[in-house]
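Derivation of every value follows stated rules applied to the coordinates shown; laboratory data play no part. As the structure is a computational prediction, the values presented were derived from the model and not from experiment. Please note: Cβ atoms are built from the backbone with ideal geometry, for glycine as well, and neighbour counts cover all protein chains shown.
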Amino acid sequence: MTEPRDIVVIGGSAGAIESLRALVSHLPADLAAAIFVAIHIKRDADSLLPKILTRYGALRAAVAVDGDPIVCGRVYVAPPDLHLLIEPGRVTLSAGPTENGHRPAIDPLFCSAARSYEDRVIGVVLSGTLDDGSVGLRVIRDHGGTAIVQDPDDALFPQMPRSAIEIGHPQHVAPAADIAGLIISHAGKSETIGSESAAAR
């Protein structure tokens, strides 16, 4: 396996698992990117999300382990009660303070990805409440990356997508099932990352 050309970071809260299932089911096994997922879960919860994503998609999903190398075609899921962070070439986990009331939180993942991979990052905010991920999505855009938000009308809980649109100013707003196509169209094509070709609503 080789290091991916692109880094896809996805965050969500309430209703996001349904959105993720729709998204990953349309991603190919040979995707030239690595995917990182932070979903708000209880500290003592069992992480069943990797099994769900592996069942519905062609990519292998697993709970992230501190020090994991970043490779193509892998879905790294934030474990309960730890922030998932990205450094050049590897994954790190942090038991640092909660952010936006959560650990794992979305903003730390997004911001660490932007700092490490700049315009190679594709950030996605899915269904949820409150506004975690909005600032991180803006940071991704400020570093030249691509920002995608689930259409609030398609989300079970539209508050998080609406906040991400207002604060993050994404290039793309789309239903969950269509987000996979946007990721595929950007993956491995650095010249398109951060383009203004598709205006957000």
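Taking only C-alpha pairs under 8 Å that are 6+ residues apart, what is the relative contact order of the chain in percent? Intermediate values should be presented prior to the final figure.
Numbers: 538 pairs, mean separation 45.1, N = 201.
About 22 percent, as a whole number.
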So VAL71 and THR54, fully extended at 0.36 nm per residue minus their Cα-Cα distance, gain in nm 4.5 nm
Output ordering of 95-106, 166-177, 74-85 (per-residue mean of other Cβ within 10 Å, highest first) is 74-85, 166-177, 95-106
Here region 94-99 yields Karplus 3J(HN,Hα) values (6.51, -1.76, 1.60; θ = phi - 60°; whole Hz; Gly and Pro given as x) of 9, 9, x, x, 4, 10
Asserting the computed 222 nm helical MRE of the chain (DSSP H runs at least 4 long, -39500 (n - 2.57) per run, divided by residue count, to nearest 500) equals -8500 deg cm²/dmol
Final fewest-first order of SER127, SER163, SER116 on the 10 Å Cβ neighbour count is SER116, SER163, SER127
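Could you tell me the ratio Rg/Rh of region 6-186? Both radii from Cα atoms, Rh via Kirkwood. If you can, show how the numbers build up before the last one.
Working: Rg = 14.0 Å, Rh = 15.4 Å.
My calculation of the ratio gives 0.91.
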Which residues qualify? For LEU130, with a placed amide H closer than 5 Å and at least 5 residues away or on another chain, they are MET160
Taking HIS186, HIS143 and counting other beta carbon atoms within 10 angstrom, the fewest-first order is HIS143, HIS186
Simple spin-label estimate for ALA62/ALA29, 7 Å along Cα→Cβ, in nm, reads 1.7 nm
Among beta bridges assigned by DSSP with both residues in the chain, the antiparallel ones amount in percent, to the nearest 5, to 20 percent
